[in-house]
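*Asks:* Before anything else, here's the structure in question.
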Amino acid sequence: MATVEELKLRVRELENELIKCKQKQSAAEDAQSQELHRPKIDKMSAEVVDSNPYSRLMALKRMGIVDDYELLLFDYDKVELANMNRLFFQPHQAGLSKVEAAEHTLRNINPDVSFETHNYNITTMENFTHFMERISQGGLEDGKPVDLVLSCVDNFEARMAINTACNELGQIWMESGVSENAVSGHIQLIIPGETACFACAPPLVVAANIDEKTLKREGVCAASLPTTMGVVAGILVQNVLKYLLKFGTVSYYLGYNAMQDFFPTMAMKANPQCNDRYCRKQQEEYKKKEAERPKVEVVEVEEEVVHEDNEWGIELVSEVSDAELQAASGSVPDLPEGITVAYTIPAESPASGETVEETEQSLEELMAQMRKL
Amino acid sequence: MADEATRRAVSQIPLLKTHAGPRDRALWPQRLKEEYQALIHFVEQNKAADNDWFRLESNADGTRWTGTCWFIHELLRYEFRLEFDVPVTYPDTAPEVAVPELDGKTAKMYRGGKICLTEHFAPLWARNAPRFGLAHLMALGLGPWLAVEVPDLISKGHVIHKEQQREAAAE
């Protein structure tokens, strides 16, 4: 006899299947009646004519050639009605996994993109191994790494997991996020060994200039505003295009303060004392590579840095008052106006208490002891 | 910040020594032993103080933990299942504790029943990594969450005592 739980699960499964069937059906109907689905284009034309879906992109001559591309999507959530305010999912997709629904919608928009979806939590042991394998092997050309990893997650654990993977693999990635009060956000380009990784400093936050005392946190954990998320997503994708198609200045860190429409920007070097040993290893390798570079090039790089600094016109001033410094239990990194850290970590360890004693007991014995309690 | 009683309890939980996560094959078993030692110490201490409130056990490799926690409100005991995975970035980041049966009942929760910790928890954990372990997570994370959320859920009628539920069904 099946339990109520099992039956509930079965109902859920059947509901999911029904959603998928309905989707397939409506997709088929769409295709027949309106011929909305154009066939996949094998080779991209550089012609600037209306029948070429890429003509407007091609018109931007300076961008050069856009290659065929591939997206790998990772997520473990399901689409819910609560997501409709800000994500591009549609009500009929409720119940589907987010990656599945996203693939379906995106494929309809652009059939030339190859998709690979993974519906799992990247922070657990087995999934993480697979996640790393797909970053390092999942490029369009089999066995090659992906070009860029984009982090669009909503929690610290997942960001740290991506950071760990990218530091170990030397994979360039872009981090993005919106604050829990939904009125600020940021994007960050992380080049392992060169720019600060996610573990190099305590989490950076864009100061929203809201009096914390007036912010009521009771009763909710996170707010969301579709517009803030849309702006940050737009900034992220713009930076991706600039990076991949090599135009303009790619931002290292760009914040968005929605309350004042202020966009603080900066570049942060990797921290030699970073907690992540792979970050430190990448820094060593970066140093070696820099040292091997011919001198002429080095001059060029220096010029570029000066140029960038002038362009941003940011004054590097510490934002913290004496009182705040006193209250803080660790030093705040030198950050431009509008960017601060979520918290500080003291260099010295805080008052240490008693530690666990050496034990003769084996792990199995301890496990058994715990069960008997 | 956690109340005085919690702080006292935490100060009595032994700190851990081994900085290793589940990906560290060589050192993880040692860390796991320390986790169990600290947890056993904490539970025994709770029992002695007549404040026993949770049980936890893990799978063989210590990456998945399940258990129960309970909360006494107006002399009635409310018990909940709890679960979490140890993330690959542990102990630099804390596991996300979930109480699945309360999913959807409180705004102080993320999808899947993951509890939403106070803004003080992340800094506290980061400052004390890697010496804080799962016992600290219980004392500073789940404990204060239950103390705030359960009475509220009961008063709103979202959580009903199991025996009262049975009586109501029998009527």
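*Asks:* Determine the residues within region B:24-47 where the difference in accessible area between the chain on its own and the full set of protein chains amounts to at least 40 Å²; count protein heavy atoms only and use a 1.4 Å probe.
*Replies:* B:Lys33, B:Tyr36, B:Gln37, B:Ile40
*Asks:* Okay, next question. Rounded to whole Å and sorted largest first, what semi-axes of the equivalent ellipsoid does the C-alpha gyration tensor of chain B yield via the square root of 5 times each eigenvalue?
*Replies:* 29, 17, 16
*Asks:* Rounded to the nearest 100 Å², what is the sum over both chains of accessible area buried where B meets A, with a probe of 1.4 Å?
*Replies:* In total, this chain pair buries about 4000 Å².
*Asks:* Sticking with this one: In region A:120-291, carbon and sulfur make up what percent of the accessible area (probe 1.4 Å)?
*Replies:* It is 54 percent, rounded to a whole number.
*Asks:* I'd like the accessible area for B:Arg111: 1.4 Å probe, protein heavy atoms, all chains in place, Å² to the nearest 10.
*Replies:* Roll a 1.4 Å probe over it and B:Arg111 shows about 110 Å².
*Asks:* Now for a separate question. Could you tell me which residue out of A:Pro192, A:Ala158, A:Asn257 lies farthest along the dipole of region A:120-291 toward its positive end? Charges go on the beta carbon: Lys and Arg +1, Asp and Glu -1, centred on the Cα centre.
*Replies:* Sorting the options by dipole projection puts first A:Pro192.
*Asks:* Considering only protein heavy atoms, what is the solvent-accessible area of A:Ser224 at a probe of 1.4 Å, reported in Å² to the nearest 10?
*Replies:* 40 Å²
*Asks:* Here's a follow-up. How large is the charge dipole for region B:4-170, taken about the Cα centre, if only the Cβ atoms of Lys, Arg (+1) and Asp, Glu (-1) carry charge, to the nearest 20 debye? Mind dumping the intermediate values first?
*Replies:* Working: 21 positive and 22 negative charges, 71 e Å.
Dipole size: approximately 340 debye.
*Asks:* Still on this structure, please answer the following. Heavy atoms only, probe 1.4 Å: what % of the accessible area of chain B goes to carbon and sulfur, would you let me know?
*Replies:* 51 percent
*Asks:* Here is a further query. Between the chain alone and the structure with every protein chain in place, find the residues of region B:123-151 that drop at least 50 Å² of accessible area; heavy atoms, 1.4 Å probe.
*Replies:* Checking the loss per residue gives B:Arg127, B:Arg131.
*Asks:* Name the residues of region A:359-373, by number, that are at least 20 Å² less accessible with every protein chain in place than in the isolated chain; the surface is that of heavy atoms, probe 1.4 Å, without ligands or nucleic acids.
*Replies:* Buried-area filter returns A:Thr359, A:Leu363, A:Leu366, A:Met367, A:Gln369, A:Met370, A:Arg371, A:Leu373.
*Asks:* With a 1.4 Å probe and every protein chain left in place, work out the accessible area per residue of region B:1-104 in Å², rounded to a whole number.
*Replies:* 45 Å²
The values are calculated or read from the model by the stated rules, or taken from the named source; none is laboratory data. Keep in mind that what you see is a predicted model, and the values were worked out from it rather than measured. Note that each Cβ is placed from the backbone with ideal geometry, even for glycine, and that neighbours are counted across all protein chains shown. Note: accessible area is taken over every heavy atom of the protein model, side chains too, but ligands, DNA and RNA are not part of it. Shrake-Rupley method; radii C 1.70, N 1.55, O 1.52, S 1.80 Å.
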